[in-house]
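Following: one structure in structure tokens, then a few remarks.
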There are 2 protein chains.
Amino acid sequence: MSKIFASKNGTKKDVIIKKAASLFRKKGFIGTSMRELAENIGVEASSLYNHIGSKSEILQHICFKVANDFMLQLNETEKSETTTINKLEKLISFHIHMMMDVYDEVYVANHEWKQLEEPFLSNFSNQRKLYESRMIELIKKGIQKKEIKNIHPQVAVFTILSAVRGLELWQGHKKIVSIKEIETNMINHLLNGIAK
Amino acid sequence: MSKIFASKNGTKKDVIIKKAASLFRKKGFIGTSMRELAENIGVEASSLYNHIGSKSEILQHICFKVANDFMLQLNETEKSETTTINKLEKLISFHIHMMMDVYDEVYVANHEWKQLEEPFLSNFSNQRKLYESRMIELIKKGIQKKEIKNIHPQVAVFTILSAVRGLELWQGHKKIVSIKEIETNMINHLLNGIAK
């Protein structure tokens, strides 16, 4: 048994999925073969199938786990008894940490979800839309409560999501600026602007 | 001679580059062949070579034209006698319009520039870094002049560039929200925030 497979960081299935996320990010879902994945883990391709049914199944695991994490955070945030601004701070912070902590998985969920097979493809696409529309609702409520300026909610959500998603390009700069500094500055920028 | 080739919208070379930008965006630089490009224009592959030396040369044209446009705007903006905030407004607006007006070219310059051959690869990479560092300088000057809050200039530039670059994903929503609305809202958001 390979060392990685015997790792205590989760089950064998977890190890496979973690390694697959890294390969899917670098080479794309289509560009990665099960044989290559097995080689990278250090096992025979045939033994992968004892733990996971197919390459598509791995992609489903990655995408739906990421979706679960974001949805759970959104549920909690919506329910919390606090200001809209605090809620947005929480959400932006969560996005930044997901981008930094489980980068491969979030990247794959963002870039490769269109490779999902039905019924997962439609289901995942709908969850993405739902997530965005719930964020838009959050902003709308903030406007009603006069916590947020009278802006276009959809463009605001889009601007926020684009900014945090852009952290993909920041991976190479990780050492130059700390995550804490990125987090503080980006949240402040997206909520309060930079103009004096 | 094909209809597209006989178009009055520029030279034959322009037609080739325009069509190539569209194909490179959809299928990637590596995924697009000269034969496919020729088929899409409606000419023989051999006749492409009367106008352009190679696929690499097309990519150079696309990337360096986009670089010229952004650099020219940055030069003008830096020189203009106005506030830092106005300068940033100008720049963000320019980015948004480039993203909307010459989407294929900007997308290719952003995603496929790493396929450039040397010496173009290093040269283009350096121009990208220079552009970012000049934007950071602009923000720093704004902070000195107390027009901009005491923020982390690099993170601010990154947030702005990520937000506008995210407009790639907005292409499908073009009909839902007008470019003018996106422009006004995004500039306002990135400079003044959304919190009341």
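The values are calculated or read from the model by the stated rules, or taken from the named source; none is laboratory data. Small disclaimer: the values here were computed from a predicted structure and weren't measured. FYI the Cβ positions are ideal-geometry reconstructions off the backbone, even for glycines, and counts take in every protein chain you see. For the accessible areas, the whole protein counts, side chains as well, though only heavy atoms, and no ligand, DNA or RNA atoms are used. Shrake-Rupley method; radii C 1.70, N 1.55, O 1.52, S 1.80 Å.
Regarding B:Asn40, is this residue outside the structural domain of B:Val15 (by TED's automatic domain parsing) and either touching a His at 6+ places or on another chain (Cβ under 7 Å) or not hydrophobic (A, V, I, L, M, F, W, C) (or both)? No. Within the range A:142-157, restricting attention to residues that are in contact (Cβ under 8 Å) with a residue 24 or more places away in the chain and surrounded by 15 or more Cβ atoms within 10 Å (Cβ to Cβ), the residue that is farthest from the other protein chains (Cβ to nearest Cβ) is A:Val157. Scanning the range B:158-170 for residues that are over 28 Å from B:Lys140 (Cβ atoms) and either aromatic (Phe, Trp, Tyr) or more than 8 Å from every other protein chain (Cβ to nearest Cβ) (or both) yields a count of 2. Residues in the range A:171-184: is at least one more than 11 Å from chain B (Cβ to nearest Cβ) and closer than 24 Å to B:Leu169 by Cα? Within the range A:171-184, one or more residues are more than 11 Å from chain B (Cβ to nearest Cβ) and closer than 24 Å to B:Leu169 by Cα. Under the condition of being open to solvent by 60 Å² or more (accessible area, probe 1.4 Å) and aliphatic (A, V, I, L, M), the residues counted in the range B:62-105 number 1.
Within the range B:23-50, the set of residues being in contact (Cβ under 8 Å) with a residue 40 or more places away in the chain and open to solvent by 20 Å² or more (accessible area, probe 1.4 Å) comprises B:Arg25, B:Ile30, B:Gly42, B:Val43.
Yes or no, residue by residue, for (1) modelled with pLDDT of 95 or more; (2) assigned by TED's automatic domain parsing to the domain that holds B:Lys18; (3) over 18 Å from the mean Cα position of the chain (by Cα):
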{"position": "B:Met100", "(1), (2), (3)": "no, no, no"}
{"position": "B:Gln115", "(1), (2), (3)": "yes, no, no"}
{"position": "B:Pro119", "(1), (2), (3)": "yes, no, yes"}
{"position": "B:Met135", "(1), (2), (3)": "yes, no, no"}
{"position": "B:Lys175", "(1), (2), (3)": "no, no, yes"}
{"position": "B:Ile182", "(1), (2), (3)": "no, no, no"}
{"position": "B:Met186", "(1), (2), (3)": "yes, no, no"}
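Scan the range B:108-120 for residues that are open to solvent by 50 Å² or more (accessible area, probe 1.4 Å) and part of a helix (DSSP H, G or I) and the total you get is 4. Among residues that are within 22 Å of A:Ile58 (Cβ to Cβ), hydroxyl-bearing (Ser, Thr, Tyr), in contact (Cβ under 8 Å) with a residue 60 or more places away in the chain and in the same structural domain as A:Glu76 (by TED's automatic domain parsing), A:Tyr131 is not included. Would you be able to say whether some residue in the range A:127-136 is under 22 Å from A:Asn86 (Cβ atoms), facing another protein chain (nearest Cβ under 10 Å) and open to solvent by less than 70 Å² (accessible area, probe 1.4 Å)? No, the range A:127-136 has no match at all. Is it true that some residue in the range B:168-183 is under 25 Å from A:Glu183 (Cβ atoms), touching a strand residue (DSSP E or B) at 6+ places or on another chain (Cβ under 9 Å) and of a type in the set (A, V, I, L, M)? Checked against the condition, which is being under 25 Å from A:Glu183 (Cβ atoms), touching a strand residue (DSSP E or B) at 6+ places or on another chain (Cβ under 9 Å) and of a type in the set (A, V, I, L, M), the range B:168-183 yields no hits at all. Whether a residue is touching an Asp or Glu at 6+ places or on another chain (Cβ under 8 Å), open to solvent by 10 Å² or more (accessible area, probe 1.4 Å), not charged (D, E, K, R) and not in a strand (DSSP E or B) was assessed, and A:Leu169 does not pass this test.
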